[in-house]
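The values are calculated or read from the model by the stated rules, or taken from the named source; none is laboratory data. This structure is a prediction, so every number in the text was calculated from the model and none was measured. No Cβ is skipped: glycine too gets one built from the backbone with ideal geometry, and neighbour counts run over all protein chains shown.
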Amino acid sequence: FALTQLNYLDERYQSGREGVEYLSYHNLGTMIMEPLRGGRLVQNVPQDIMELWDMAEEKRTPLEWAFQYLWNMEEVNTVLSGMNSLEQVKENIEIANRSEINSISENDLELIKEVAWEYKQRKGNDCTGCGYCMPCPHGVDVAGCFREYNVAKMLNNPAGSAMHYFSLDSGKRADNCLHCDDCLNHCPQMIHISEDLKKVEEFFGKKYTYF
């Protein structure tokens, strides 16, 4: 078996959906991690996202949608989920017990895609994490900075993203950008990297203050 990350936002992140299909093709079991994106898909869900979920004929909680997306796939064998209480354990078991392969309607699958699209429109920029802008001559982890900035904006979770941002070595954070713009010609998304790094610096600040 193999452990891989997958949720409805990360179909193309790391090995993503393609990786799960590859494992299944080679008769390897799949254990899914990050089904809830560290809880971010079910905590502090923005109102406009909830309104989209409420459009479904069969009403589900954000937790159910996230799990049903995975259990709907014949390639998925096991879904790992962090749980902090007996109530959460029971809830997860209940969802798994009533889930079946190919049990989600085409309309609901389209709704999941729409929710994922709506989340992604909230990002700060269009960085895909390709790394073509690297290495930065001044040591900035451009992709890492943008990843946490975009997750914070997308999932309405600045505190969680700030924790990851400030776990970066201080020399790799956005405030080390000297605006030399050596990276601009390498970005396939044509992002004005130095300007957006300034936004990252302003968004998170220079020290962790989220308590």
Practice problem: Name the one entry in MET31, MET83, MET55 that is under 19 Å from TRP117 (Cβ atoms), surrounded by fewer than 17 Cβ atoms within 10 Å (Cβ to Cβ) and of a type in the set (A, V, I, L, M, F, W, C). | Solution: MET55
Quiz item: Is it the case that the range 172-190 has a residue that's outside any helix (DSSP H, G or I) and within 30 Å of PRO62 (Cα to Cα)?
Solution: no
Quiz item: If you scan the range 136-167, which residues turn out to be among the acidic types (Asp, Glu) and either without any contact (Cβ under 8 Å) to a residue 40 or more places away in the chain or over 21 Å from VAL45 (Cβ atoms) (or both)?
Solution: ASP141
Self-check item: Residue count, the range 136-182 (criterion: farther than 30 Å from TYR8 by Cα and surrounded by 21 or more Cβ atoms within 10 Å (Cβ to Cβ))
Solution: 1
Practice problem: Search the range 1-10 for residues being surrounded by 14 or more Cβ atoms within 10 Å (Cβ to Cβ) and assigned to a loop (DSSP other than H, G, I, E, B), and hand back the single one that is modelled with the lowest pLDDT. | Solution: ASP10
Practice problem: Would you confirm whether any residue within the range 82-98 is farther than 20 Å from ASN157 by Cα and within 17 Å of the chain's Cα centre (by Cα)? | Solution: no
Practice problem: Please find, among GLU11, GLU21, GLU34, the residue that is touching a Lys or Arg at 6+ places or on another chain (Cβ under 7 Å) and either farther than 16 Å from GLY160 by Cβ or not assigned by TED's automatic domain parsing to the domain that holds MET154 (or both). | Solution: GLU11
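Answer yes or no: is there a residue in the range 35-52 that is in contact with a strand residue (DSSP E or B) (Cβ under 6 Å, 6 or more places away or on another chain) and modelled with pLDDT of 90 or more.
Pass one, the range 35-52, residues in contact with a strand residue (DSSP E or B) (Cβ under 6 Å, 6 or more places away or on another chain): 35.
From what is left, the residues that are modelled with pLDDT of 90 or more are 35.
Yes; the residues of the range 35-52 include at least one that is in contact with a strand residue (DSSP E or B) (Cβ under 6 Å, 6 or more places away or on another chain) and modelled with pLDDT of 90 or more.
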Exercise. Sort through GLU201, GLU110 and tell me the only one that's surrounded by fewer than 19 Cβ atoms within 10 Å (Cβ to Cβ), within 27 Å of ASP54 (Cα to Cα) and modelled with pLDDT of 90 or more.
Key: GLU110
Exercise. Can you run down the residue pairs with Cβ atoms below 7 Å, 6 or more apart or on separate chains, where the first is in the range 171-192 and touching a residue at least 24 places away in the same chain (Cβ under 8 Å) and the partner is part of a loop (DSSP other than H, G, I, E, B) and small (Gly, Ala, Ser)?
Key: GLY171/GLY139; LYS172/GLY139; ASN176/GLY139
Quiz item: Limited to the range 169-190, what total is found for residues that are of a type in the set (A, V, I, L, M), at pLDDT below 95 and closer than 16 Å to PRO135 by Cα?
Solution: 1
Exercise. Enumerate the helices (runs of 4 or more DSSP H) found wholly within the range 11-102, keeping only those where 1 or more residues are farther than 28 Å from GLY129 by Cα and without any contact (Cβ under 8 Å) to a residue 24 or more places away in the chain.
Key: 47-53, 86-97
